[in-house]
Amino acid sequence: MKKAIAIGLAGVLLLAGVAVARNRLAPPPPLPSPGVTTPSGTTTYSVNVNGTNRTYNLHIPPNLDRSQAAPLLVELHGGGGNASGMEKLTGFFDLADRDGFVVAAPNALNKAWSDGRETTDTQSGGDDVAFMRALLDQVATQVAIDPARIYFTGMSNGAIMSGRLACELSDRIAAFAQVAGTASVSVAGSCDPGRAVPILEIHGTADPLVPYDGGTVAPILGGRGDVVGVDAWASFWVANNQVSETPATTSLGSDTTIRTWKGSSPQQDLVFYRIDGAGHTWPDGNQYLPRLIIGSTSHSFDATEVIWQFLSEHRLAR
């Protein structure tokens, strides 16, 4: 049985799958050039990073008010996936059309983000922190982006990469949302974002690939490095954001517990969703692989809606 599961996983997932310098405030990126109009809809672009062309899909709503600077959401796919597959899972492009924000969906090198685990860093072979900085700079020349309303989300390897960016790129990103991923042990051990960072974490307790309690990722495949558990990740941010250790706790549906920590500023907000019995899945998304491989999908809430509601409430203080 384990061999069959491993074969199924290996065919589809390379999976979820550092020293951290203190952030320096970056100057605002340039505005789009006068007379240059980036087309609405979804277009693939590239940006050169350290001699390598990196690609991303940029979605601009057809009814976007171009006279106003728009929020930007960057969504990071899981290991073994790509930008188009991530969008099929999340549906953020449709939500962007409804609510008026821009979405960038980048592609990892060799289908793996360098999230701080040795296995993914070696597989990727790229500097993905530099890629994200370059992507943000270039998108700001294509469409007017509000530098105080830039957000990142991701699943699995993309969530773990978002955890790295929360530690290393918090000078550019207002808030983060993670699904089925926390941070590599090495990144978490050296994380020093230099400010309070709003974090939303969504994770199933029966995730067979990125364990809720931390440890080895994808043990059925022989291991893909180690991550910290959800509770340890929450404890780090509680201390970093200087909020009370005791959260407000609410329930949603029959399987979801929500822990919320708040301080005197929205910058301190932390919200962690625990989904009992859920697997390595996107809540209310499609069951993209059999339950035998990734576990079950909860339908107690729509992760896409919850994520955008949380992120859009936050601004980067400058």
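The values are calculated or read from the model by the stated rules, or taken from the named source; none is laboratory data. Every value quoted in this text rests on a predicted model; they were computed, and no experiment measured them. FYI the Cβ positions are ideal-geometry reconstructions off the backbone, even for glycines, and counts take in every protein chain you see.
Where in segment 68-126 are the helices (runs of 4 or more DSSP H), entirely inside, with at least 1 residues that are charged (D, E, K, R) and at positive phi?
none
Please work out if G229 is surrounded by fewer than 21 Cβ atoms within 10 Å (Cβ to Cβ) and at pLDDT below 95. For G229, the condition - surrounded by fewer than 21 Cβ atoms within 10 Å (Cβ to Cβ) and at pLDDT below 95 - is not met.
For residues that are aliphatic (A, V, I, L, M) and in a helix (DSSP H, G or I), scanning just segment 169-200, find the one that is surrounded by the fewest Cβ atoms within 10 Å (Cβ to Cβ).
Step one: filter segment 169-200 for residues aliphatic (A, V, I, L, M), giving 169, 173-175, 177, 179-180, 183, 185, 187-188, 196-197, 199-200.
So of that shortlist, the ones also in a helix (DSSP H, G or I) come out as 185, 187-188.
Values: V185: 17, V187: 25, A188: 22.
The qualifying residue surrounded by the fewest Cβ atoms within 10 Å (Cβ to Cβ) is V185.
The rows are residues; the columns are (1) surrounded by fewer than 16 Cβ atoms within 10 Å (Cβ to Cβ); (2) in contact with a Gly (Cβ under 7 Å, 6 or more places away or on another chain); (3) more than 19 Å from H77 (Cβ to Cβ); (4) aliphatic (A, V, I, L, M).
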| position | (1), (2), (3), (4) |
| --- | --- |
| V238 | no, no, yes, yes |
| Q242 | yes, yes, yes, no |
| A248 | yes, no, yes, yes |
| W261 | no, no, yes, no |
| I275 | no, yes, yes, yes |
| A278 | no, yes, yes, yes |
| W282 | no, no, no, no |
| N286 | yes, no, no, no |
| L311 | no, no, no, yes |
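Put simply, of P147, P71 the only residue that is in contact with a Gly (Cβ under 9 Å, 6 or more places away or on another chain), at pLDDT 95 or above and closer than 13 Å to I173 by Cβ is P71.
There is at least one residue in segment 148-168 that is among the basic types (K, R), assigned to a strand (DSSP E or B) and surrounded by fewer than 24 Cβ atoms within 10 Å (Cβ to Cβ). Given the structure, is R149 of a type in the set (K, R) and touching a helix residue (DSSP H, G or I) at 6+ places or on another chain (Cβ under 6 Å)? Against the criterion (of a type in the set (K, R) and touching a helix residue (DSSP H, G or I) at 6+ places or on another chain (Cβ under 6 Å)), R149 does not qualify.
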